[in-house]
Amino acid sequence: MARNRLAMAALVTVTLAVAGAGVTVLTLRRAGADDAASAPPPLTTTTVTRTDLSDSRSLDGTLGFGPEQVVKGTGAGVVTRLPKVGDTVARGKPLYWVNDQPVPVLFGDVPLFRTLDKPGLVGSDVRVVSDNLAALDYQTGTRPTRAKDGTKIPAGQSLLTDSLVAAIKKWQQALGLQPTGRIEVGQATVLPGPVRISAVKAVPGDPAAGELLAVTEKVKLVTVAVEATEVSTIRVGATVAITLPDTTESPGRVASISHTVDGGGQDSGGGQASPPKVNVLVTPSKAADVAKLDAASVRVTFTTSTRKGVLAVPVGALVALREGGHALQLPEGGLLAVETGMFSRGLVEVSGNGVTEGLTVVTAA
């Protein structure tokens, strides 16, 4: 009986010992897990780099042949022949016919507003005729600097000389016209340059004095309406990126910026209308990229400003300070106050004391 009690006591002691050991192991495991959970995560770092940053914005545009210009006839007569939509117009060649006589095109910015028939006339209209016939390889003679009365000929004007009259006669003869050396109002039309017929507004039999045609640029253009308050950031000749309907990008260049402001004011209901806008024309640099598109909605990205050779870090490296401003965190924990500049494509320009190229800083993972 005494032996049984001793055996029971020994069993209880072993059981408690084993249980105690189990508690001890469990306690150690929990302590290890807590230590791992409290360990700080590893730092993600980056370096301050020197790079070029650019600020850009994308706007909707329309690919086509640019805005239309209406061509009006002048003088008496009846329209007898008109070009077709899609035809292109060359310098010195007929645009339409009045009374079966061709009305040729001259390039310039001043219409022929009077009859040119007397040597000695001085004017900008004479200059248009002289420039065009010279471009067509007619011998127009030397260009005098003074009129017949000795007065100096103003810039942008020319003198109607005997040599120029002789060149006009040869040009008229080449067109099948009577070589009179005389050009009356309505016998030639002046356009800004090579154009494409976009619409025919008259029919044979209509009076010559009226709207006859509409023309556009000969090459394809993208028209972008830019708010008038923002167009000052765009420069003629600037390079742009055109995103086509299939999402491919094609390079382009700003061709011109209109001086006419459209929109603004109040709408018919008395409310605020859309902000005033200015048309910016962009020329695709690779004609093959848009050869199969006569008209399409596109997206144009303008680079409005560029910062070259600046120090920059990823935006995630910026630390907002409670007192305002920003800082960079160093790997050892210190903060370095910085001034921020341009933000572009996930990077931000930084400057300040101690900010140098190659400096290692902490960034968000």
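Between residue 337 and residue 84, what FRET efficiency comes out of the Förster formula 1/(1 + (r/R0)^6) with R0 = 51 Å and r the beta carbon distance, rounded to 0.05? Working shown, then result.
On the way: r = 70 Å, r/R0 = 1.37.
That pair, residue 84 with residue 337, gives E of 0.15.
Hey, if we sort 343, 65 by accessible area with the 1.4 Å probe, largest down, what's the order?
343, 65
Just tell me which lysines come within less than 23 Å, Cα to Cα, of residue 218; anything on the same chain fewer than 8 places away is out.
Within reach: 72, 84, 93, 201, 286, 292.
Once fully extended, how much extra length lies between residue 91 and residue 287, figured as 0.36 nm per residue of separation less the alpha-carbon to alpha-carbon distance?
Contour length minus Cα-Cα distance gives 68.3 nm.
Starting from the Cα of residue 253, step 7 Å along the direction of its Cβ; do the same at residue 297; then give the gap between the two resulting points in nm.
Between residue 253 and residue 297, the label points sit 3.0 nm apart.
In whole percent, how big is the carbon plus sulfur part of the accessible area of the chain, probe 1.4 Å, protein atoms only? Each step should come with its number before you reach the end.
Details: 11440 of 21200 Å².
Summing carbon and sulfur atoms, their accessible area is 54 percent of the total for the chain.
Using the beta-carbon distance between residue 356 and residue 246 and R0 = 56 Å, what value does 1/(1 + (r/R0)^6) give for FRET efficiency, to the nearest 0.05?
0.80
What residues qualify as long-range amide H neighbours of residue 108, i.e. H under 5 Å apart, gap of 5 or more or another chain, H built at 1.01 Å from N?
191, 193
Can you tell me the length gained on complete extension of the stretch residue 135 to residue 219, counting 0.36 nm per residue apart and subtracting the Cα distance? The partial results should precede the final answer.
Numbers: separation 84, 0.36 × 84 = 30.24 nm, distance 2.10 nm.
Length difference between fully extended and current span is 28.1 nm.
How many Å³ per residue does the convex hull of the Cα positions in region 227-346 occupy? Can you show the working numbers first?
Details: hull volume 25.0 nm³, N = 120.
With only Cα atoms used, region 227-346 gives 208 Å³ per residue.
In degrees, nearest 10, range 0 to 90: what is the angle between the Cα axis of helix 162-175 and the longest Cα principal axis of the chain?
Roughly 80 degrees between the two axes.
Going highest first, how would you order 351-358, 332-339, 166-173 by mean Cβ packing within 10 Å?
166-173, 332-339, 351-358
Output the antiparallel fraction of DSSP beta bridges having both residues in the chain, as a percent to the nearest 5.
On the way: 80 of 83 bridges.
About 95 percent, rounded to the nearest 5.
Would you kindly state how much longer the chain becomes between residue 239 and residue 323 on full extension, computed as 0.36 nm times their sequence separation minus their alpha carbon distance, in nm to one decimal?
My answer for the length gained is 26.1 nm.
Pop a pseudo-label 7 angstrom from the Cα along the beta-carbon direction at both residue 151 and residue 185 and give the gap in nm to one decimal.
2.1
If I take the Cα coordinates of region 274-343 and project them onto the principal axes, what are the three extents in Å, biggest first?
Sorted from largest, the Cα extents of region 274-343 read 60, 33, 20 Å.
Describe numerically, in nm with one decimal, the distance between label points set 7 Å from Cα along Cα→Cβ at residue 200 and at residue 261.
Output for this residue pair reads 4.1 nm.
The values are calculated or read from the model by the stated rules, or taken from the named source; none is laboratory data. Since the structure is predicted, the reported quantities are computational estimates derived from the model, not experimental observations. Heads up, the Cβs are rebuilt from the backbone with ideal geometry, glycines too, and the neighbour counts pull from every protein chain shown. Each accessible area value is taken on the protein alone, full model and side chains, heavy atoms only, with ligands, DNA and RNA left out. Shrake-Rupley method; radii C 1.70, N 1.55, O 1.52, S 1.80 Å.
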